[in-house]
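The values are calculated or read from the model by the stated rules, or taken from the named source; none is laboratory data. In this text, all values refer to a predicted model and were calculated from it rather than measured experimentally. FYI the Cβ positions are ideal-geometry reconstructions off the backbone, even for glycines, and counts take in every protein chain you see. All accessible areas refer to the heavy atoms of the entire protein, side chains included, with ligands and DNA or RNA removed. Shrake-Rupley method; radii C 1.70, N 1.55, O 1.52, S 1.80 Å.
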Amino acid sequence: MVQSALTSLALGYRPLWNADRKLAGVQLFMHEDGGEQPDVPHFLRMLQEMWSPTAPQLILSPQQRHLLVLLLEHTPQNPYLLVEVRGEWLADSALYTLVQRAQARGVRLVWRGALDALPDADSARWFSSSMLHLAPQDAVQLMQLHPDAPLPPHLALLDGQMYEDLHSRAIMHRCLDQHRAAAIVGWPSEDVQHKLRGERALAPSHEHVMRLLKAVDADESLDSFEQILSEDPMLAYRFLMFTNSASLALRSGVDSLRMGFVMLGYSHLKQWLAGQLTQASADKDLQPIRASTVMRAELTERLLDPGVSQELRSEVYLCGLFSRLDELLDEPLSQTLQRLPLSERIHEAAVDEDGPYAPSLLLAQALEREEGAVVRELCERFKIDMEHVNRTLLRSIVEWPCEKLVL
């Protein structure tokens, strides 16, 4: 029964970011296979057993109407679970009745739809919050307005709601900072990186540089150093660039963070970090980009299940961590990776989509999308058990540090 609950569904995820640009929850995409009917009651019981007060809240996002019916019928009252209901599906009177019954049982519901197609007052009262998106023409008009300009009535944003598919940094700021949005679902990464690209965008996180400096001063372990450094892709990249630079004249290439610490020594490490501190960025809009990259890296490592070898685990993690350097540096990833003496397996997976690490990296990337067919196709292509993929995703989400979603 446990196997059928995890093999008949294809899962995916999208992070929710709050006003502090911290993880506030996760939208969990749920796709029905179409063959075997998923054991939704067992799946929900499993979620209840896995989740804890420190885990992110989940918005269950069924991609088929039949799945929504099963969730409305069986989801228990649970402070960590919310069920998403698409606005266009409410026209079905039978489903509308199920929405009322679920809400009466204490199930928290989220209405998902367009800002210009809000539910009527009678329907709206069944929902704890809304996940709203803007029509393309409205988004363009909002982008053209001055940040402090009042909004015309037809573009009025609702306070305290969630907003998704915001491709503009300016609109994201309006929602979070002016209208106290509960969360931004996804993140306008491309526009944020475009606006900040240059020295500030390429700089590492001020927070992580300071944390690593304090860890060195406290004489903490190499494991602690590696953990901090691996939470910032730009800091990790710069570190490997430095340890492999001609100025150090090391006799062999440094292909891992741990080897870099050993070869560099504490004195040189502190000097290098002091230099990074003068260039570090404290721009909070970059935080979700760093955090989502770390999420991908963790999933890449766990999906491959590299066993007990610390060296192998670190290599697979770097494969996921550096897979987005092309976005951060605005250059082809093949060009970026050629500057470092990394394992050829990393280049094969990240650039050629080939080699032993490719299946886990491709799956980690596919799990970030709303379309579940890609995940199932990759599982079939690489002979990977869907249960393993789904269980890995859920266990990873449980451990992600978060701040509670306030709805």
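Tabulated values for the structure
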quantity: Test for Glu327: is it surrounded by fewer than 22 Cβ atoms within 10 Å (Cβ to Cβ) and either modelled with pLDDT under 95 or under 19 Å from Ile228 (Cα atoms) (or both); calculated: yes
quantity: Hits in segment 101-118 (condition: touching a Lys or Arg at 6+ places or on another chain (Cβ under 9 Å), open to solvent by 20 Å² or more (accessible area, probe 1.4 Å) and closer than 30 Å to Ala170 by Cβ); calculated: Arg112
quantity: Segments classed as strands (runs of 3 or more DSSP E), wholly inside segment 1-118, with at least 1 members that are at pLDDT 95 or above and of a type in the set (Ser, Thr, Tyr); calculated: 9-17, 57-62
quantity: Residue among Leu342, Leu328, Leu321 that is in contact with a Pro (Cβ under 6 Å, 6 or more places away or on another chain) and in contact (Cβ under 8 Å) with a residue 40 or more places away in the chain; calculated: Leu321
quantity: Scan of segment 79-100 for residues that are buried (at least 18 other Cβ atoms within 10 Å of the Cβ) and of a type in the set (Val, Ile, Thr), ordered by number; calculated: Val83, Val85, Val99
quantity: Checking Gln271 against (1) within 28 Å of Glu190 (Cβ to Cβ); (2) modelled with pLDDT under 95, the condition it does not meet; calculated: (1)
quantity: Hey, Asp191 within 25 Å of Arg313 (Cα to Cα) and out of contact with any strand residue (DSSP E or B) (no Cβ under 9 Å at 6 or more places or on another chain) or not; calculated: no
quantity: Asp159 being open to solvent by 10 Å² or more (accessible area, probe 1.4 Å), under 23 Å from Asn18 (Cβ atoms), within 18 Å of the chain's Cα centre (by Cα) and modelled with pLDDT of 90 or more; calculated: no
quantity: Yes/no for Glu32 being charged (D, E, K, R) and under 19 Å from the mean Cα position of the chain (by Cα); calculated: no
quantity: The one condition in (1) surrounded by 15 or more Cβ atoms within 10 Å (Cβ to Cβ); (2) more than 14 Å from Val216 (Cβ to Cβ) that Phe261 fails to fulfil; calculated: (2)
quantity: Single match in His146, His154, His167 (criterion: outside any helix (DSSP H, G or I), open to solvent by 80 Å² or more (accessible area, probe 1.4 Å), touching a helix residue (DSSP H, G or I) at 6+ places or on another chain (Cβ under 9 Å) and not hydrophobic (A, V, I, L, M, F, W, C)); calculated: His167
quantity: Boolean, His173 is open to solvent by 10 Å² or more (accessible area, probe 1.4 Å), closer than 29 Å to Arg324 by Cα and in contact with a helix residue (DSSP H, G or I) (Cβ under 9 Å, 6 or more places away or on another chain); calculated: yes
quantity: Subset of segment 231-254 [at pLDDT 95 or above and among the small types (Gly, Ala, Ser)]; calculated: Ala236
quantity: Residue that is nearest to Gln287 (Cα to Cα) [pool: residues in segment 381-399 that are within 16 Å of the chain's Cα centre (by Cα) and open to solvent by 10 Å² or more (accessible area, probe 1.4 Å)]; calculated: Glu399
quantity: Test: residue in segment 269-286 that is small (Gly, Ala, Ser), assigned to a helix (DSSP H, G or I), touching a strand residue (DSSP E or B) at 6+ places or on another chain (Cβ under 7 Å) and surrounded by 14 or more Cβ atoms within 10 Å (Cβ to Cβ); calculated: no
quantity: All positions within segment 287-324 that are open to solvent by less than 30 Å² (accessible area, probe 1.4 Å) and assigned to a loop (DSSP other than H, G, I, E, B); calculated: Pro306
quantity: Hits in segment 265-280 - residues which are more than 27 Å from Leu196 (Cα to Cα) and without any contact (Cβ under 8 Å) to a residue 24 or more places away in the chain; calculated: Gly265, Ser267, His268
